[in-house]
Amino acid sequence: MNLPNKLTLLRIILVPIFMFFLLFNPAGEATVYTRYLAVAVFTMAAITDGLDGYIARKQNLVTRFGKFIDPLADKLLISAALVALVDMGEISSWAAIIIIGREFAITGLRVVAASDGIVISASKLGKYKTTLQIIAIIAIIINLPYSLALIWLAVLLTIISGLDYLWKGREVIMPNVKENNDAEKKND
């Protein structure tokens, strides 16, 4: 197993550790210390997200397993954080469901596209979305000012990037669109 895949697996292993520090406290509420420990683990996991891809591309270590497990690890980390924050009453369930729903929808689109031999690559908007989600989650956990505004900005960017992916994958979703466009071009 190569280094990028080990980093991805580390991210998955860090998810329950992050959840433990964020949610577990015998007194019933996360303390400042457990929140900072949770942020430290979450940040470490988030760093592995960028690092594994960078190393895989730079050293030509991209694998089929990595292509499968990396996006899964990303979604697991963000989804776990959002669900925990909803459980703690820190964010609206609407914000979480929009973000998580978009992740499922776009993952599904990419799977269908891949089965047709079409690759829908990660976009800059998708990368910005993930970065903003990570920043917003950290800000909420440590109670920074305007952290709720950040999560709603992340929701907005999540929607925009989701629409961007849907536009790029429109031929996968509605194959007749391409056929109709091709037929119209021939008739012109």
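The values are calculated or read from the model by the stated rules, or taken from the named source; none is laboratory data. This one's a predicted model, so the numbers in the text were calculated from it and none came from an experiment. Using ideal geometry, Cβ is built from the backbone for each residue, glycine included, and neighbour counts are taken over all protein chains shown. Note: accessible area is taken over every heavy atom of the protein model, side chains too, but ligands, DNA and RNA are not part of it. Shrake-Rupley method; radii C 1.70, N 1.55, O 1.52, S 1.80 Å.
The set of residues in the range 10-40 being part of a helix (DSSP H, G or I), open to solvent by less than 50 Å² (accessible area, probe 1.4 Å) and either modelled with pLDDT of 95 or more or among the aliphatic types (A, V, I, L, M) (or both) consists of Arg11, Ile12, Leu14, Val15, Phe18, Met19, Leu22, Ala38, Val39.
Residue selection: Gly50 fails the criterion of being under 17 Å from Val155 (Cβ atoms), open to solvent by less than 60 Å² (accessible area, probe 1.4 Å) and in a helix (DSSP H, G or I). Only one of the numbered conditions (1) under 17 Å from the mean Cα position of the chain (by Cα); (2) loosely packed, with under 15 Cβ neighbours inside 10 Å; (3) not in a helix (DSSP H, G or I) is violated by Ile120, and that is (2).
Would you confirm whether any residue within the range 68-78 is over 21 Å from Lys127 (Cβ atoms) and either among the β-branched types (Val, Ile, Thr) or assigned to a helix (DSSP H, G or I) (or both)? No, there is no match, as no residue in the range 68-78 is over 21 Å from Lys127 (Cβ atoms) and either among the β-branched types (Val, Ile, Thr) or assigned to a helix (DSSP H, G or I) (or both). When each of Val172, Val177 is tested for being part of a helix (DSSP H, G or I), within 24 Å of Ala122 (Cα to Cα), modelled with pLDDT under 90 and touching a Leu at 6+ places or on another chain (Cβ under 7 Å), the lone residue that passes is Val172. Note on the range 89-113: residues that are farther than 25 Å from Pro175 by Cβ and open to solvent by 40 Å² or more (accessible area, probe 1.4 Å) total 7. One residue stands out among those in the range 137-169 that are among the hydrophobic types (A, V, I, L, M, F, W, C) and outside any helix (DSSP H, G or I): the one that is nearest to Leu77 (Cα to Cα), which is Ile142. In the range 135-156, the residues that are touching a residue at least 12 places away in the same chain (Cβ under 8 Å) and closer than 14 Å to Ala38 by Cβ form Cβ pairs under 7 Å with partners that are open to solvent by 80 Å² or more (accessible area, probe 1.4 Å) and assigned to a helix (DSSP H, G or I), at six or more places apart or across chains, as follows: Ile142/Tyr36.
With respect to Val86, is the statement that it is part of a helix (DSSP H, G or I), more than 27 Å from Tyr33 (Cβ to Cβ) and open to solvent by less than 80 Å² (accessible area, probe 1.4 Å) true? No.
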